[in-house]
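Read the figures in this text as sums done on the coordinates, not as results from a lab. Not measured: the values here are computed from a predicted model. Neighbour counts run over all protein chains shown; Cβ positions are idealised from the backbone, glycine included.
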């Protein structure tokens with residue numbers, strides 16, 4: 001099975017089935033990671049490296065073994081990609097927020113956006129909810145979709161498993177808190193490294209599928225001020241492509257964080273949630289088109305050399 005065909009099948013499975021409602025492997029992995037943390041935790045980088053390797057090396061090796069099996073390997077690669085991406089889930093969560101805002105149900109909108117972001121939601125106004133949702137859609141477009149597609153295209157099943165599990169560990173341990181500042185350092189740095197290229201390709205895709213010049217300008221000027229080296233380009237380019245303003249103050253664990261402004265234009269509203277989802281969807285079509293073209297070109301070159 002060609003990589004391009006496997007990739008498209010994985011995306012189709014996600015569109016048809018969405019995330020497994022029960023027994024999701026990432027949920028199980030998170031539980032195993034919590035147990036490993038309980039056993040190995042020390043406030044040191046070394047302990048974090050050991051915990052990271054203990055979780056990622058066996059899983060990546062197992063994916064490589066599965067992918068090498070005749071016939072079953074191709075099927076397992078498609079299934080692993082399907083389990084790694086979350087485009088439909090992202091769309092469903094964001095649409096729930098937009099629907100609540102359209103209905104004027106701010107309480108429900110706060111509840112729904114709380115399932116997408118880690119910031120405090122109790123005092124959010126409608127514009128805050130919309131802004132947080134659009135930011136989540138843009139950032140998770142990279143983390144839960146394009147990053148996984150990139151590593152699957154580059155390294156097959158082992159690549160997508162390594163990427164998605166590293167991303168999960170970063171979400172669990174990659175915080176600059178007293179507990180995780182040192183222990184979570186390796187998880188955060190590995191996630192940064194794995195996302196460096198995909199994030200910039202995602203930002204470029206947003207620019208190509210939106211307001212191109214504005215997206216590039218926001219990316220160039222605003223992204224360096226963002227605290228995340230990968231989320232900055234993605235969100236700045238996405239905000240510029242949509243013609244809206246994101247960033248600004250947000251509350252986390254009762255503390256107000258004054259974040260730089262991203263993008264240019266009006267403040268986010270419920271309508272912009274739909275626009276952000278459309279931007280991610282169009283970017284996905286762009287990626288799939290490029291994958292098909294490259295796959296076709298590779299097959300043509302192979303037949304010419306045969």
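The set of residues in segment 202-214 that are farther than 10 Å from residue 233 by Cβ and either in contact (Cβ under 8 Å) with a residue 40 or more places away in the chain or in contact with a strand residue (DSSP E or B) (Cβ under 8 Å, 6 or more places away or on another chain) (or both) comprises 205, 208, 209, 210, 214.
Just so you know, in segment 282-303 the residues that are under 20 Å from the mean Cα position of the chain (by Cα) and in contact (Cβ under 8 Å) with a residue 24 or more places away in the chain include one that is farthest from residue 209 (Cα to Cα), and it is 291.
The residue that is farthest from the chain's Cα centre (by Cα), among those in segment 4-19 that are under 23 Å from residue 298 (Cβ atoms) and surrounded by fewer than 19 Cβ atoms within 10 Å (Cβ to Cβ), is 5.
Within segment 179-290, considering only helices (runs of 4 or more DSSP H) that don't extend past its boundaries, which have at least 3 residues that are surrounded by 17 or more Cβ atoms within 10 Å (Cβ to Cβ) and in contact with a helix residue (DSSP H, G or I) (Cβ under 8 Å, 6 or more places away or on another chain)? Correct list: 185-208, 212-222, 231-242.
Within segment 94-114, the set of residues being surrounded by fewer than 20 Cβ atoms within 10 Å (Cβ to Cβ) and in contact (Cβ under 8 Å) with a residue 24 or more places away in the chain comprises 95, 102.
Here is the figure for segment 27-45: residues that are without any contact (Cβ under 8 Å) to a residue 60 or more places away in the chain and exposed (fewer than 12 other Cβ atoms within 10 Å of the Cβ) total 5.
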